[in-house]
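Below is one structure, written out as structure tokens; the observations come after it.
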Amino acid sequence: MILEITQLDHPSLRTKGRRVEVIDARIQELAVDMIDTMREAEGIGLAAQQVGLPLQLFVLEVPAMKKRPSAMRVAGKPVDFEAEMPMVLVNPEIEPFGEIQPEGEGCLSFPGVLGDVPRSASVRVKATALDGTPMVFEADGLLARAVQHEFDHVQGVLFIDRMGGDEIAELPPEIRRLVRR
């Protein structure tokens with residue numbers, strides 16, 4: 001089922017998600033619906049807050065791109081990240097590392113808004129998969145950026161909050177007023 005994506009100043013976008021204590025049929029159905037919604041909207045990630053639910057849950061489907069490459073490692077060994085897609089991360093914890101790089105980002109909750117956001121080039125991730133098994137991996141490139149973007153959502157932080165002053169100044173006034181420093 002395609003869910004409605006929350007927009008701009010919806011309160012759930014600023015709400016830190018609650019831990020998912022039990023991955024039951026309801027959570028599994030939500031994750032499937034979120035994947036369908038993300039695909040319908042042509043996104044690469046979607047957090048529960050973006051469908052109005054303050055939970056520590058997000059989905060990803062990052063494609064291989066030559067201009068914005070990605071990589072993934074499990075136990076230090078490279079894996080085919082595309083084979084892992086779509087990915088559901090429940091109760092994620094992240095540790096960004098590496099060089100901070102500004103790159104363009106957008107967000108399904110802010111249609112038409114784009115801006116450079118500084119993020120770490122790499123990230124270590126611990127989460128629970130939809131089947132209840134632990135997930136531990138490292139990601140680089142666009143996949144790392146997508147993980148950090150969606151993790152921010154489950155913390156109630158928006159990509160516009162991470163933009164620099166020049167980027168913020170170029171945003172429309174109705175978006176600028178939503179920025180939190």
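The values are calculated or read from the model by the stated rules, or taken from the named source; none is laboratory data. All values derive from a computational prediction rather than experimental measurement. Cβ atoms come from the backbone with ideal geometry, glycine included; neighbour counts cover every protein chain shown.
Some observations on this one:
- Failed item, numbered, when Leu53 is tested on (1) surrounded by fewer than 16 Cβ atoms within 10 Å (Cβ to Cβ); (2) part of a loop (DSSP other than H, G, I, E, B); (3) in contact (Cβ under 8 Å) with a residue 40 or more places away in the chain: (1)
- Qualifying residue in region 125-144 (condition: touching a residue at least 12 places away in the same chain (Cβ under 8 Å), in a helix (DSSP H, G or I), out of contact with any Gly (no Cβ under 9 Å at 6 or more places or on another chain) and not small (Gly, Ala, Ser)): yes
- Arg73 more than 16 Å from His149 (Cα to Cα) and modelled with pLDDT of 95 or more: yes
- When residues in region 105-119 are screened for being farther than 23 Å from His10 by Cα and either of a type in the set (A, V, I, L, M, F, W, C) or under 14 Å from the mean Cα position of the chain (by Cα) (or both), 1 of them pass.
- Number of positions in region 138-181 that are charged (D, E, K, R), closer than 22 Å to Gly52 by Cβ and either within 9 Å of the chain's Cα centre (by Cα) or modelled with pLDDT of 95 or more (or both): 3
- Hey, Gly104 loosely packed, with under 14 Cβ neighbours inside 10 Å, touching a Gly at 6+ places or on another chain (Cβ under 9 Å), assigned to a loop (DSSP other than H, G, I, E, B) and without any contact (Cβ under 8 Å) to a residue 24 or more places away in the chain or not: no
- Some residue of region 153-174 being β-branched (Val, Ile, Thr) and exposed (fewer than 15 other Cβ atoms within 10 Å of the Cβ): no
- Annotation: of all residues in region 21-36 being in contact (Cβ under 8 Å) with a residue 60 or more places away in the chain and part of a helix (DSSP H, G or I), the one that is nearest to Ile2 (Cα to Cα) is Ala31.
- So Asp33, is it at pLDDT below 95, of a type outside the set (A, V, I, L, M) and surrounded by fewer than 18 Cβ atoms within 10 Å (Cβ to Cβ): no
- Within region 60-92, the set of residues being more than 27 Å from Glu167 (Cα to Cα), in contact with a helix residue (DSSP H, G or I) (Cβ under 8 Å, 6 or more places away or on another chain) and assigned to a strand (DSSP E or B) comprises Ala71, Met72, Val88, Leu89, Val90, Pro92.
- Checked against (1) in a strand (DSSP E or B); (2) of a type in the set (Asp, Glu); (3) within 18 Å of Arg39 (Cα to Cα), Glu95 passes all but a single condition, namely (3).
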